[in-house]
Ligand code: SF4
């Protein structure tokens, strides 16, 4: 199975979502956009961090030379430095990860290794922040490319959320704020300060049940689709789910009838999946099992056979049988890796266009080599730190999540 980079290189014009994808990410560092990939058209924050230029030693190196640099630096650093690789990272990076997982499991891996001096987080900015909050104060968390943000997390800024909170609480009793793990640390802290909680895509229902024990309504940040899909799972009808657009707000009457106020944010990777793609897959492969991530729009989740976190998707694939056909609605790097891991099954991405997450894609082996060699030289590049007060409030929201238990049935 060719890597996603290879698929992009080989793709015809309309089979990849951007010809720029074939470029190396350092060519894009000064761009004022998320860069090629699924988030390219999303509004880009003016204050988003830019990555400084990489020395030529890395940008000019061949893939084999980068491999040799990474392997040698990793060997020298030994147990002192752990590499954390998100499921959506490219194979060329994941191959060096000490732990591979979703954002929360990687943050937990950081917490579980107090002996390490540093964690190199091959993922995006909010994930490195969560790892910094959960790891020890003297442990460094490093993001190899500072331009690896997340357009969904950036759709809810603290200033916007505080303005919305003032408007909402002026009209109705304060809802319980719930934020998806995919949000900035200061949004998690906002939830911690205001009686709220964090959720992941695996525990969103349990967390919403917890929230409804604390209050009548929930403000769900920043992913409208996970918020709506979870509300549906709990039997909450569409009439009681309202969308908060930070530019427009809602009337007191609309807020009054809501049980769940979902923020107008979305993941541009998962927004690409459509019911038409599912229909096409079913027409082409009768008997196909369609599994999608709950960041997909509600009609897609309803048309699928199963919806759940990346962990659930992986478990579903592992439980399938040789000869089975599985169409998957999540990031292409994970789907591609599953297809390579289970060659006796037909596993494909529902979206026929190769379109990775723009920012995950920014973590190229050249950045990993630069990061590791800097650590060998005694420098700590690109350290991600969360202010102590913000971390303390965010930890409250994270601990509430860890303590939340599913309702007994
Ligand atoms: S896949 Fe979506 S939610 Fe995840 S980092 Fe990329 S843009 Fe953000």
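Summary of values
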read-out: The stretch 272-349, relative contact order [Cα under 8 Å, separation at least 6], %; value: 28
read-out: For the stretch 207-270 and the stretch 338-361, distance of Cα centres in Å; value: 30
read-out: Percent antiparallel among DSSP beta bridges (both partners in the chain, rounded to 5); value: 5
read-out: The chain: most fluctuating residue of 17, 191, 296 per GNM, C-alpha cutoff 10 Å; value: 17
read-out: Rounded if a/c under 1.5, otherwise prolate or oblate - the stretch 1-159, Cα gyration tensor axes; value: oblate
read-out: Tensor-based shape of the stretch 272-349 (alpha-carbon gyration tensor, a/c under 1.5 rounded, otherwise prolate or oblate); value: oblate
read-out: For the chain, built as a Gaussian network whose Cα springs stay under 10 Å, the top-fluctuating residue of 397, 48, 366; value: 48
read-out: Inverse mean reciprocal Cα-Cα distance (Kirkwood Rh) of the chain, Å; value: 21.8
read-out: The stretch 1-63-the stretch 67-98 distance, computed between alpha-carbon centres (Å); value: 20
read-out: Calculated [θ] (222 nm, deg cm²/dmol) that DSSP helices of n ≥ 4 give over the chain, each run adding -39,500 (n - 2.57); value: -11500 deg cm²/dmol
read-out: Gyration tensor (alpha-carbon) shape descriptor, the stretch 182-294, a/c threshold 1.5; value: prolate
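Every number here is computed from the coordinates shown, using simple stated rules; none is lab data. In this text, all values refer to a predicted model and were calculated from it rather than measured experimentally.
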